[in-house]
Amino acid sequence: MIKTEILHKIRQAGVIGAGGGGFPTHKKLEAKVEHIIANGVECEPLLYKDREVILRETESMFRGLGIMRELTGAKNITIAIKEKNRDAADIIKPQAKKSGFDIFITKNVYPAGDEYILVHNITGKRIPPNGIPLMVGCLVNNVETLVNIANAVVDKPVTEKFITITGAVKNPVTTLVPIGTSFKDCIDFAGGFTTHEPVALTGGVMMGGVETDFSQPVTKTLGGIIILPSDHTLVVRKSSPQKVYNKTGHSTCDQCSLCTQLCPRYILGYPIQPHLVMRSLQMTGEAKETLNLWASACCECNVCSLFACPEKLDPKNICTDIKLKLKEEEKGFTKEQMEEAFRDVHPAREGREIPISSLYQRLGIKRYDRKAEFKKFDKEIRELLIPLKYNFGQKAKPIVKPGSEVKAGELIASADENDSSVPVHSSINGIVKAISENGILISANN
């Protein structure tokens, strides 16, 4: 099978980054690279999704890596796994060695799965500020994306998603659900809530958002649903409006610089200094504009806000807001400023990495640190909502109408060949009930 045909199959199957980013996978695989990194680090606390993919889809994961090697010409392939899952690494090690793949064990620190950190730890190279792994000859994909690549080549589209359902639920579990399954159905499968006024953190406790609408659907990029009480400090802080965290930061920040000293990107040498961005809240004019530039390399990991700051301020959201403004205004460091600001790796970097155990303690989530082992999803689904829009490209265009009968795996929305969006498929057998801005609602044929 020629390269263009394989890439076409991957696109037609609707494969995008399953680790959260959602970038169209076929676009990544158009490049030639030296090194492929399979990201199975499971960066966020409490999640077990990547672990179960590695153990349950080993063959498909390896086939996906083989396809990537064929497409990109990569000479080196590394599977990255966190220390907490060393047993899983030991299980797949013989087969990996036979296939010519290396295994790299990361420390139990956060955020070990950040691609900038992974590329540096594995290859010794640093991605240029605001750059991508391809700039240093690397390609990073989540392990579940590899499985989807392998399936795509045999004409099996992306219709299911591995997720962990944990937190304040009766039986934490990792499972494989049809895309579009509601949060409510997932939570019921995990035994239901164990708290009053529950709230969901989507994707992770550090980088995930807050959701109170449990009719929301599982998407191709969702890795987990973490249930917490509405009064939990994480929920309260993540729900703080922009006006509040800006005002608090303006009046309270004492410029201790811990947010910067513990920033994973800063200690790797990148031009990001959250404490200077916080200082900009007290300034106007050119001084403010200059300090704002130090937000541009923020990776939004939330270490500064949820771990480092002794005053519980929110440098992360302030950096995120300023990054968006800089992008809209097409501003940023000049090339010369960037080169000057991009410094050597900090000599104390290893001592400043955040142990997961310390993160649990600081976040108040130790009680939720329970195994979420795999269980086959056997809950009857009455209906589900399949999203048409992800992080990149335009919304896919429905090719079905209300009343249309569809089968699992059937194409229900197309995407422009020249756009970064990908086609969408039904994840169940059923009848199209409605089409809206939110997606295609399908009632199951049970």
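The values are calculated or read from the model by the stated rules, or taken from the named source; none is laboratory data. As the structure is a prediction and not an experimental result, all values here were calculated from the model. As a convention, Cβ positions derive from the backbone with ideal geometry for all residues, glycine included, and neighbour counts pool all protein chains shown.
Taking the residues in the stretch 386-410 that are in a strand (DSSP E or B) and touching a Ser or Thr at 6+ places or on another chain (Cβ under 8 Å) as candidates, determine which candidate is surrounded by the fewest Cβ atoms within 10 Å (Cβ to Cβ).
Step one: filter the stretch 386-410 for residues in a strand (DSSP E or B), giving 386, 397-398, 405-406.
This time we only want the ones that are touching a Ser or Thr at 6+ places or on another chain (Cβ under 8 Å), so: 386, 397, 406.
Working: Ile386: 29, Lys397: 13, Val406: 21.
Residue satisfying both the conditions and the ranking: Lys397.
Does Val422 satisfy the condition of being buried (at least 17 other Cβ atoms within 10 Å of the Cβ), out of contact with any Lys or Arg (no Cβ under 9 Å at 6 or more places or on another chain), part of a loop (DSSP other than H, G, I, E, B) and not assigned by TED's automatic domain parsing to the domain that holds Pro172? Taking the combined requirement at face value, the residue does not satisfy it. Considering the stretch 286-385, the qualifying helices (runs of 4 or more DSSP H), each wholly inside and each with 1 or more residues that are in contact (Cβ under 8 Å) with a residue 60 or more places away in the chain, surrounded by 15 or more Cβ atoms within 10 Å (Cβ to Cβ) and not hydrophobic (A, V, I, L, M, F, W, C), run over 315-328, 356-363. For the stretch 1-31, residues that are closer than 23 Å to Glu115 by Cα, of a type in the set (A, V, I, L, M, F, W, C) and part of a loop (DSSP other than H, G, I, E, B) total 5.
Within the bounds of the stretch 252-263, is there any residue that is at negative phi, among the polar types (S, T, N, Q), touching an Asp or Glu at 6+ places or on another chain (Cβ under 9 Å) and at pLDDT below 95? Steps first, answer last, please.
Narrowing the stretch 252-263 to residues at negative phi: 252-254, 256, 258-263.
This time we only want the ones that are among the polar types (S, T, N, Q), so: 252, 260-261.
After this cut, where a residue has to be touching an Asp or Glu at 6+ places or on another chain (Cβ under 9 Å) as well, the list is 252.
Restricting the remaining residues to those that are at pLDDT below 95 gives 252.
The answer is yes; a qualifying residue exists.
Looking across the stretch 180-201, just one residue is among the polar types (S, T, N, Q) and outside any loop (DSSP other than H, G, I, E, B), and that is Ser182.
One residue stands out in the stretch 168-227 among those that are polar (S, T, N, Q), buried (at least 18 other Cβ atoms within 10 Å of the Cβ) and in contact with a Leu (Cβ under 9 Å, 6 or more places away or on another chain): the one that is nearest to Pro315 (Cα to Cα), namely Thr202.
If the requirement is being outside the structural domain of Phe374 (by TED's automatic domain parsing), of a type outside the set (Asp, Glu) and surrounded by fewer than 17 Cβ atoms within 10 Å (Cβ to Cβ), which of these qualifies: Gln282, Gln261, Gln273?
Numbers: Gln261 fails: surrounded by fewer than 17 Cβ atoms within 10 Å (Cβ to Cβ); Gln273 fails: surrounded by fewer than 17 Cβ atoms within 10 Å (Cβ to Cβ).
It is Gln282.
The condition of being under 26 Å from Ile356 (Cβ atoms), polar (S, T, N, Q) and out of contact with any strand residue (DSSP E or B) (no Cβ under 6 Å at 6 or more places or on another chain) holds for only one of Thr4, Thr58, that being Thr58.
Of all residues in the stretch 202-228, those that are among the small types (Gly, Ala, Ser) and either more than 15 Å from the chain's Cα centre (by Cα) or part of a strand (DSSP E or B) (or both) total 3. Selection within the stretch 115-148: residues that are over 18 Å from the mean Cα position of the chain (by Cα) and without any contact (Cβ under 8 Å) to a residue 12 or more places away in the chain. The member of this set that is surrounded by the most Cβ atoms within 10 Å (Cβ to Cβ) is Met135. Yes or no: Val109 touching a helix residue (DSSP H, G or I) at 6+ places or on another chain (Cβ under 7 Å), among the β-branched types (Val, Ile, Thr) and under 30 Å from Ala341 (Cβ atoms)? The answer is yes for Val109.
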